1. Restricting the search to the range 182-209, which residues are without any contact (Cβ under 8 Å) to a residue 40 or more places away in the chain and in a helix (DSSP H, G or I)?
2. Could you list all residues from the range 20-33 that are in a strand (DSSP E or B) and under 29 Å from THR289 (Cβ atoms)?
3. Can you tell me how many residues in the range 192-215 are closer than 20 Å to ALA305 by Cβ, of a type outside the set (A, V, I, L, M) and surrounded by 24 or more Cβ atoms within 10 Å (Cβ to Cβ)?
4. When residues of the range 297-330 are filtered for being under 24 Å from ILE361 (Cα atoms) and without any contact (Cβ under 8 Å) to a residue 60 or more places away in the chain, how many remain?
5. Of a type outside the set (Ser, Thr, Tyr), in the same structural domain as VAL340 (by TED's automatic domain parsing), in contact (Cβ under 8 Å) with a residue 24 or more places away in the chain and touching a Pro at 6+ places or on another chain (Cβ under 6 Å): which single residue out of MET179, MET175, MET212 fits that description?
6. Can you go through GLY58, GLY84 and tell me which one is of a type outside the set (S, T, N, Q), at pLDDT below 90 and touching a His at 6+ places or on another chain (Cβ under 9 Å)?
7. Sort out which residues of the range 240-279 are touching a Gly at 6+ places or on another chain (Cβ under 7 Å) and surrounded by fewer than 19 Cβ atoms within 10 Å (Cβ to Cβ), and write them in order of number.
8. Condition test on ASN294, is it in contact (Cβ under 8 Å) with a residue 60 or more places away in the chain, over 26 Å from ARG255 (Cα atoms) and buried (at least 19 other Cβ atoms within 10 Å of the Cβ)?
Amino acid sequence: MGKQEDFVLRALEERDVRFVRLWFTDVLGYLKSVSVAPAELENAFEEGIGFDGSAIEGFARVYEADMLAHPDASTFQILPWRGGMEGPQTARMFCDIRMPDGSPSYADPRHVLKRTLSAAADKGFTFYTHPEIEFYLFKDMPGKGDEPEPVDRSGFFDHTAQSRGADFRREAITMLEAMGISVEFSHHEGGPGQQEIDLRYADALTTADNIMTFRTVVREVALGQDIWASFMPKPFTTHPGSGMHTHVSLFEGDRNAFFEAGAEYQLSRTGRQFIAGILRHASEISVVTNQWVNSYKRLLGGGEAPSSICWGHNNRSAMIRVPMYKPNKGQSTRIELRTVDPACNPYLAFAVVLAAGMKGIEEGYELPREAEDDVWSLTERERKALGIAPLPKSLSEAIDVAETSELLAETLGEHVFDFFLRNKRAEWEEYRTQVSSFERDRMLPVL
């Protein structure tokens, strides 16, 4: 065992940790957890904890069910909502999933991201991400068919006395900081009850782990305050959807590979090729960055959500925005991808974004002309004349494009690629047979 494992074993005793939760995600991004006693942890570090992979979505078929969860000691944290910070404690660690022979599981989303990061590292790059996570707070979990009731009627950046949102954000951020997750900003978003909390820059694997922890913390805090938190991309027809605008950059050692002094927007050739890669493969990766039927209601519903494949300098109507350069801050040069939503599997989403960007660098893609106009205000004919293609308009369209994508199949691996698309196709088939309230409201009175 290494130093990190030794540190964890000491911390278990010093902090009176009685339970250790081992976390991992299935292919769709749902968090899974198995609890072990501290006495079992040394063996877990050495050999892993066995479980039936066939019981987890997308992990294994019945005849290849045995899998091992190996805890990653670097992710050890006390769970501040379990017993407070005094008395018996509960801790968590993320796991890498392995086969009985010790090889990585082909179905582990964390491994998919690790594999993609490793391919970028072989070319000298480290991938950093910084997500702005939006979500809604409701007074309670709505009943089936009911519209949820927001906890407030505030708007963007509103500061109001006795605000449920402000109290919620303060407690959630305190918990996140207690778990070593740094928060950069927080504020009320544009929709009633809608919040935004931005996590600080970190390498993509750490960020993906942090997003999974973030979603758990937010839900735990909400339940503790007798309210309900949701990362659903578009819970309301008439209010903005929730996005996860993600700022990304590549570093070569300590140097920001996206920065070039004197270049247009101080954006290097590497940065321009990375953007070109994401744009060229945007439709293919959409099924992963926007993986739910409801995701496309957000992309088509306005409210600053992108619906077209384009980029622009400080243009919030574009799919990719190049933020304004700050003098003497070349290290902060980055791009902002505005398609991703907070209900995605962050491991797979970061993997496909990185793979698309790296393809642009490897193949030397040329960056198309930037969108200088407000893209939302253009007609479809005007966008077509400018060479601006639309993003997929539905999950079905996204699946159709993804099924022929070599980039997606290569990045996800055959098993994840096949299971993920079969699951999404089943979701679409189930959705399209449903009779909606729109149809009943429109047609029952007149037909």
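The values are calculated or read from the model by the stated rules, or taken from the named source; none is laboratory data. Bear in mind the structure is a predicted one, so any value in this text is a computation, not a measurement. Every residue, glycine among them, receives a Cβ derived from its backbone with ideal geometry; neighbour counts consider all protein chains shown.
1. THR206
2. ARG21, LEU22, TRP23, PHE24, THR25, LEU31, LYS32, SER33
3. So the count comes out to 3.
4. 8
5. Criteria check complete, one pass: MET175.
6. Residue meeting the stated conditions: GLY58.
7. GLU252, ALA261
8. no
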